[in-house]
Amino acid sequence: MKDVMILTGAGQIGMAIARRMGYGKKIVIGDKSLKNAEAIAKTMNEAGFDAEAVEMDLSSRQSIKQLIEKAASYGEISMLVNAAGVSPSQASIETILKVDLYGTAVLLEEVGKVIKKGGVGVTISSQSGWRMPALSQEEDELLATTPTEELLKLPLLQAENIRDTLHAYQMAKRCNEKRVMAESVKWGERGARLNDIAPGIIVTPLALDEFNGPRGDFYKNMFAKCPAGRPGTADEVANVAELLMSDKGAFITGSTFLIDGGATSSYFYGPLKPEK
Ligand SMILES: NC(=O)c1ccc[n+]([C@@H]2O[C@H](COP(=O)([O-])OP(=O)(O)OC[C@H]3O[C@@H](n4cnc5c(N)ncnc54)[C@H](O)[C@@H]3O)[C@@H](O)[C@H]2O)c1
């Protein structure tokens, strides 16, 4: 039996990380769009990987459990890559919270119950969460530790407290970072590590939707005025994932790594700073 990597989200970022770390493993690819999962599995299988596509919905605990059960039938689960998600231009507030916030929390919890000793996981949040002002210590703790089934009932996530889909996305991504901190303690009890990557603008179908959506000019301005002066690539996100998921990252767990070409720095202290 081979060790198994679970990849949720058959997008460019997920595939880039799976290609970097998934050699020699069975790779079970879950995506709400079976078509996307099959396309990525085909590309990977034609490049010598052993990948299988599965239809799954990150917003459903049952669907997550079925995916894990399927993965476990091939061997021990030693890697998790969560790159599934919806962006502010793609979905409603409710869907963003259900998929990006609740779904990610459930996935980290459920995989944390079975991850192999020495196993590693990464989930993808977003630089977007870094532009939102700090929450209070109590709010951070609620996002980190509220039992998953209670999360969406938190007052700070109710409709009257969420301005728009961007705000919902930022709250979801902030929650991802906090969940990773809290879950990494539990993963550590199994000898496993869990980290988070917060990318800036990475050219993928999701980002292209944003470029062509209502905030298109905002995004184009953002990469033009960040220190790197360009959007990033999924393979550069995989460079960070490789550090986090390999032995070189053995002392790194519960962390979030920002990879945004300096856009956040420019937003606070450079030309991207919003006018007061
Ligand atoms: N591309 C960027 O600029 C960027 C920046 C910051 C963060 N991110 C984050 O990176 C992650 C991956 O994004 P990407 O750019 O590779 O996007 P992508 O659109 O290429 O891939 C996302 C995948 O998630 C799947 N998905 C959506 N809802 C799902 C659900 N309920 N269950 C299972 N799968 C579902 C989609 O079908 C799609 O295949 C997302 O969490 C996104 O928020 C992306």
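The values are calculated or read from the model by the stated rules, or taken from the named source; none is laboratory data. Computed from a predicted model, the values in this text were never measured in an experiment. Note: ideal-geometry Cβ built from the backbone for every residue, glycine included; neighbour counts use all protein chains shown. Side chains included, ligands, DNA and RNA excluded: accessible areas come from the protein's heavy atoms. Shrake-Rupley method; radii C 1.70, N 1.55, O 1.52, S 1.80 Å.
Is the C-alpha gyration tensor of the stretch 227-273 telling us rounded, prolate or oblate? Criteria: a/c under 1.5 is rounded; beyond that, a/b larger than b/c is prolate, otherwise oblate.
oblate
Karplus couplings for the stretch 48-53 from phi (6.51 cos²θ - 1.76 cosθ + 1.60, θ = phi - 60°), rounded to Hz, Gly and Pro as x?
x, 8, 10, 10, 9, 8
Considering amide H positions built from the backbone, and no H for Pro or chain starts, which residues 5 or more places from Gly121, or on another chain, come under 5 Å of its amide H?
Amide H neighbours of Gly121, under 5 Å, 5+ apart: Leu80, Arg193, Leu194, Asn195.
Past the 20 Å Cα-Cα mark, which pairs from Lys32/Lys186; Lys225/Lys276; Lys98/Lys220; Lys153/Lys186; Lys98/Lys173; Lys2/Lys178?
Lys32/Lys186; Lys98/Lys220; Lys153/Lys186; Lys2/Lys178
Mind ranking Asp247, Asp50, Asp100 by accessible surface for me, highest first, 1.4 Å probe?
Ranking Asp247, Asp50, Asp100 by accessible area, largest first, yields Asp247, Asp50, Asp100.
In the stretch 94-141, what percent of the accessible surface is made up of carbon and sulfur (1.4 Å probe, ligands and nucleic acids excluded)?
With neighbouring chains kept in place, the figure for the stretch 94-141 is 51 percent.
Quick one: if the Förster radius is 25 Å, what FRET efficiency do Ser246 and Glu141 give, using the C-beta to C-beta distance and rounding to 0.05?
0.20
Can you give the FRET efficiency to the nearest 0.05 for Tyr23 and Thr95, using r as the Cβ-Cβ distance and R₀ = 35 Å?
Computed FRET efficiency for Tyr23 and Thr95: 0.55.
Determine the principal axes of the Cα atoms in the stretch 73-138, then give the extent along each, sorted from largest to smallest and rounded to whole angstroms.
Reported extents, whole Å, longest axis first: 40, 29, 19.
Can you tell me the accessible area per residue over the chain, all protein chains present, probe 1.4 angstrom, in square angstrom?
Dividing the accessible area of the chain by its residue count gives 45 Å².
What's the magnitude of the charge dipole for the stretch 26-162 around its Cα centre, counting Lys and Arg as +1 and Asp and Glu as -1 at the beta-carbon? Answer in Debye, nearest 20.
380 debye
For the stretch 146-276, what class follows from the C-alpha gyration tensor (a ≥ b ≥ c being the square roots of its eigenvalues): rounded when a/c is under 1.5, otherwise prolate if a/b is larger than b/c, else oblate?
It comes out oblate by the Cα gyration axes.
Where does the Debye-calculated log10 I(q)/I(0) of the chain sit at q = 0.07, 0.11, 0.17 Å⁻¹, using only Cα point scatterers of equal weight, no solvent?
Taken in order of the listed q values, log10 I(q)/I(0) reads -0.23, -0.57, -1.44.
Give me the number: length gained by fully extending Leu152 to Lys117, i.e. 0.36 nm times residue separation minus the C-alpha to C-alpha distance, one decimal in nm.
That works out to 9.5 nm of additional length.
In 10 Å bins starting at zero, report the fraction of Cα pairs in the stretch 52-185 per bin as a rounded %.
Per 10 Å bin, starting at zero, the Cα-Cα P(r) for the stretch 52-185 comes out as 12, 45, 32, 10, 1 percent.
Can you tell me the length gained on complete extension of the stretch Leu34 to Glu189, counting 0.36 nm per residue apart and subtracting the Cα distance?
That works out to 52.4 nm of additional length.
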